[in-house]
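Quick note: the coordinates plus some simple rules give every number you see, no bench work behind them. No experiment lies behind these values; they were computed from the predicted model shown. Note that we place each Cβ from the backbone using ideal geometry, even for glycine, and neighbour counts take in every protein chain shown.
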């Protein structure tokens, strides 16, 4: 039984259309094999562009299409052959319709079915293809070789509610086509007046029997919402498994058959054909059932390097001879980032993998010709490439020391270097030093003093850990930075660093540095304080340490500004304790009574 909505607007919001195809299946010879019912996307049955394209065919195109569907009308099959007229041969007097908000009106005239389909499509702004497919799914009029007159009375299933007989005032091919097209436009103009709405989740039953259940469907566009208002059921798995055939007692077929007939006659109702390497990739991902959904553009060619691409509802597929075909997810941070770099024309080139998900912290990445893009919920999409990416990879990628990138690579630094910031550190490269990670307190100090523009310049080693007292260190072109939990991070350089290194670094008597080197002292000298003393340097004296009682006595005598001047030797043992030589004298330490004596020269 054919059931469609009444034209009462109150009834339209609550009643449903059950397609004639609930019980009607095509003859085997009519069924095309191109489309699969499993390609049916409940949330996106047909695109708005296809649904409302009133220039999709001309009257001549429609007539040729009908002729091809039924080359020979077989009226003899009916017990009353005179009651049979095939759609390709049908003509009738149309009824004058005034123009209104939804259609531009219609004159009264004698027209063929093809002329009516084309004329109504243009008056109401509905695709000729949509009208043809609806005629087929409701009453099989397009490919029926011996249709009786009753099929024309309710050709589009219009005016036939679920719970009453069809309304005779809407009988007739022209009335059916015009009123259905008008109704589709009305749905679009009043999208919030109906139970099925685009841009939100909708519960759609499998069958008029509510006990059969249904599922929540996110309806993506108005055309799909309109089909559900007109025929408010979706195919269950049994209906999809059956192709054009019958499923089980909970199956319905109207919207399934709309999708199949449209696909087999006119191509994808939601997009465009796919072919070649892009089509193969699309198939491998699951076609319409994948995150890509249907194609929304034809394949575009002539890209850089002889490449091609195609746009889908949920992303794009790009192909080049060098990379093959790979998809990027529409609206994802990675695709948006790549697009912002001018797609394949930018520094990354073409994608060389699909998006990789499930990384640390629910992150994702994608490989491109000239680098990779990583993203996580905590970090923006950023690219890595070259030597910096190699170092990051060797450290464990996002699961390693520095986490995800949070900036792009900065180039054009001192001596042609480059650097990139990550969650927990920085990776820096220069032609002279290679690529190294800086992080934590050592990295912070390097950044604070000016990074590669500072006296330290570029790092030349990894960070060395497990030093004395849980400390760490890193070597730079212009010095070193040492850190410990008790002293913090401080740099050492030049002659003082050399002298400290000669004493065993932090394992020596003076321990870790506790302050930065002070310069500009007397005679152009410098000093640096350590845990257990200090090192001094001047051009005349070289670098030497002072510590303990001798150091205290020297400091009390004025240090570098006192009469003794700078130390010129390390402290040495003496019979009574220790002794150290300075520029202008010496200091002796008596270990017996813990006293120091100064002798000026």
Simple spin-label estimate for residue 357 and residue 498 in nanometres, 7 Å along Cα-Cβ: 6.0
Separation of alpha-carbon centers, segment 49-79 and segment 518-545, rounded to whole Å: 99
Burial ordering of 498, 487, 328, fewest other beta-carbon atoms within 10 Å first: 498, 487, 328
Gyration tensor (Cα) of the chain, equivalent ellipsoid semi-axes in angstrom: 88, 21, 19
Gyration tensor (Cα) of segment 376-426, equivalent ellipsoid semi-axes in angstrom: 19, 12, 9
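For segment 271-375, calculate the relative contact order in percent as a whole number, restricting contacts to Cα pairs under 8 Å that are 6 or more residues apart.
Once divided by the residue count of segment 271-375, the mean separation gives 17 percent.
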Per-residue Cβ neighbour rank within 10 angstrom, fewest leading, 376, 252, 246: 246, 376, 252
Ordering of 307-315, 445-453 by burial proxy (mean other Cβ atoms within 10 Å per residue, highest first): 307-315, 445-453
Three-way shape label, segment 399-498, alpha-carbon gyration tensor, a/c 1.5: oblate
Degrees separating the helix 173-189 axis from the principal Cα axis of the chain, which is the longest one: 30
Added length on full extension, which subtracts the Cα-Cα distance from 0.36 nm per residue, residue 413 to residue 594: 59.7 nm
Distance-filtered residues of segment 433-461 - backbone nitrogen under 15 Å, label point 7 angstrom along residue 477 Cα→Cβ: 433-436, 450-461
Cut-off 13 Å (backbone N to label point 7 Å along Cα→Cβ of residue 150), residues of segment 164-179: 166
Anisotropy class of segment 271-375 from Cα gyration tensor, a/c 1.5 cut: oblate
Mean-position separation - Cα centroids, segment 413-453 and segment 93-143, in angstrom: 71
Stretch gain in nm, segment residue 58-residue 470, where the contour uses 0.36 nm per residue and the Cα spacing is subtracted: 140.0 nm
Segment 83-139: C-alpha gyration tensor shape, a/c 1.5 cut-off, then a/b vs b/c: oblate
In nm, spacing of pseudo-spin labels at residue 218 and residue 78 (7 Å Cα→C-beta vector): 4.8
Value of [θ]222 nm, deg cm²/dmol, for the chain, DSSP H segments ≥ 4, -39500 (n - 2.57) each, nearest 500: -7000 deg cm²/dmol
Net lengthening on full extension, residue 291/residue 109 (0.36 nm per residue, minus Cα-Cα): 60.6 nm
Residue order, fewest to most surrounding Cβ atoms within 10 angstrom, among 212, 86: 212, 86
For segment 366-387 versus segment 457-476, the gap between their alpha-carbon centres in whole angstrom: 28
Length-normalised contact order of the chain in % [C-alpha pairs under 8 Å, at least 6 apart]: 8
Crossing angle, helix 113-124 versus the chain [Cα axis fit, 0-90 degrees, rounded to tens]: 50
Relative pair counts by distance (%), Cα atoms of segment 488-601, 10 Å bins: 15, 48, 31, 5
Cβ-Cβ FRET estimate between residue 201 and residue 336, R0 fixed at 22 Å, reported to 0.05: 0.30
Rounded to 10°, Cα long-axis angle of helix 128-139 versus longest principal axis of the chain: 60
